[in-house]
Amino acid sequence: MIESGGRQFWLATLALCIGSFMTFANVYITQPLLPMIADAFDLTVLQANGSFTITTLMLGLSLLIYGPLSDAVGRKPIMLISLVGATACTLLLTQVESYSSLVALRAAQGFFLGGLPAVAIAYMGDEFSPKALLFAVGLYIGGNSLGGIGGRLIGGFVGEAFSWRSAFVAMTIVSVLCLIVFALMLPNSRGFTRKPLRPRQMLADLGGHLRNPILLTCYLIGGLNFFIFINQYSYIIFVLEDAPFNLSAQYLGLLFLTYLAGTVGSSLSGKIALKVPQPLCIALGVAILMSGTLLTLAQTLPTIIAGLLINSFGFFLAHSSASSLVNRSARGAKASASSLYLVFYYLGASSGGFYLHPFWSAMGWDGVVLGSMLVLTGVLGAAIWLYRRECEPVGEPDVCV
């Protein structure tokens, strides 16, 4: 098993972080472009958001295929093939002439982009020692957040300076470079044990995960957290584009630098988990997310930015902890267990906009905050239930049993 700190650890971890950066830069590139896409194709807010949500929906559904398939085929080949397909879709997006074509290609791109997130944590589970895994997962999810930032900055700055189509040209170049580095750096699997591809067994594994109350609760927490967190950004950019803020696409792209707080939160999650039970890490992250959401009600640019920074730290702390807990709690078929977590996660991302839209239509941003708090209160309760289920006091401090 690979221990933390060695050459193989850093090669594998950095390669997965680079692949993660590429994946999530492609997912989120359209988010700062939503007002431009809405103007270009004469769309409503909800319709324009479809170019983003279709990608996360297809990404989520694809995980049901990639995770089990990687148990039979191998981890690295699946990740490489999917990244090549995603890069090809990015190139084709530079040529679209209609919104229907854009949505169709974003759907195909979402399907390909699911390959790396479906398999990356399972790859680490195969290759890394338990202690190294905690550290590596936090860094990997930090790569997720940096990818989200990078994609939005490329979309905002290139889109504002040239056009939304040019943003996809820039993303194609970035994707090709990331793909080459990923392929060269990622070590081949040594701890992987190939299993025959048995569809019935795949379904049985998925059913077993869903019957595990710890895993099911983690799945719901991950899905509902992302259900709220990512779609808050989709609505706040329309608040900031309008009076009195009147921010351009470039500045809307800069807004997503708040994700850097998430990079810190995910990177610290492994260290925190060494001292605090993971369910409490999740609860702490959710509570922080709720406090940041409430701060945005002040409706000044500094308080909105501060609220989003707090949100990002809390969300990624909870997400990293929940992802790691899934891998630790799964009884076999760890790739499909991690994939199922991400299915809930991305289905949450693709459906949260529909949930928040009535609140937005009725009360504007105040309504979005109200809708967010209703869901997050339930998520916090679920995290506390996880702690009570998994942990009990045994001397000092409390330990999980």
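A few points about this structure:
- Segment Arg331..Leu294, full-extension length gain: 9.5 nm, with 0.36 nm per residue of separation and the alpha-carbon distance subtracted.
- By the rule of a C-alpha distance below 17 Å, with chain neighbours fewer than 8 residues away ignored, the lysines paired with Lys195 are Lys76, Lys334.
- Distance from the C-alpha centroid of region 222-243 to that of region 140-211: 22 Å, rounded to the whole angstrom.
- Convex hull volume per residue for region 107-195, taking Cα atoms only, in Å³: 109
- Charge dipole (Cα centre; +1 on Lys/Arg Cβ, -1 on Asp/Glu Cβ; no other charges) of the chain amounts to roughly 1320 debye.
- Burial order of peptide ranges 116-123, 251-258 (average beta-carbon count within 10 Å, highest first): 116-123, 251-258
- From phi via Karplus (6.51, -1.76, 1.60), per-residue ³J(HN,Hα) for region 126-133 in Hz, x at Gly/Pro: 6, 9, 9, 5, x, 5, 5, 4
- In terms of the mean number of neighbouring beta-carbon atoms within 10 Å, the peptides 4-14, 216-226 order highest first as 216-226, 4-14.
- Listed residues Ala88, Ala273, Ala298, most fluctuating in the chain (Gaussian network, C-alpha, under 10 Å): Ala298
- Under 15 Å, Cβ to Cβ, from Leu197 - net charge with Lys/Arg +1 and Asp/Glu -1: +3
- Relative to the current alpha-carbon distance between Ala88 and Arg389, full extension at 0.36 nm per residue lengthens the span by 103.8 nm.
- Candidate cross-link partners of Lys275 among the lysines, defined by an alpha-carbon separation under 17 Å and a same-chain spacing of 8 or more, comprise Lys131.
- Helical runs assigned H by DSSP (4 residues or longer) give the chain a calculated mean residue ellipticity at 222 nm of -28000 deg cm²/dmol, each run adding -39500 (n - 2.57) before division by the residue total.
- Between the alpha-carbon centres of region 66-114 and region 288-314 there is a gap of 33 Å.
- Cβ crowding within 10 Å averaged over residues, with 15-26, 126-137 ranked highest first: 15-26, 126-137
- Full-extension gain in nm, Leu274 to Asp39, via 0.36 nm per residue minus C-alpha separation: 79.7 nm
- Label positions at Leu210 and Ile65, each projected 7 Å from the Cα along the C-beta direction, are separated by 1.9 nm.
- Pairs of Cα atoms farther than 32 Å apart, the chain, %: 30
- Projected label distance in nm at Lys195 and Met1, using a 7 Å step from Cα toward the beta-carbon: 1.9
- Label-to-label distance, nm, for residues given as Val73 and Leu184 (7 Å Cα→Cβ offset): 2.5
- Close amide H partners of Phe128, meaning residues 5 or more places away or on another chain with modelled amide H under 5 Å apart, are Ile2.
- When a 1.4 Å probe is rolled over the protein heavy atoms, the share of accessible surface on the chain that falls to carbon and sulfur comes to 68 percent.
- Springs between Cα atoms under 10 Å define the GNM used for the chain, and in it the highest mean-square fluctuation of Gly110, Gly125, Gly364 occurs at Gly364.
The values are calculated or read from the model by the stated rules, or taken from the named source; none is laboratory data. As the structure is a computational prediction, the values presented were derived from the model and not from experiment. Glycine gets a Cβ as well: all are built from the backbone with ideal geometry, and neighbour counts include every protein chain shown. Side chains included, ligands, DNA and RNA excluded: accessible areas come from the protein's heavy atoms. Shrake-Rupley method; radii C 1.70, N 1.55, O 1.52, S 1.80 Å.
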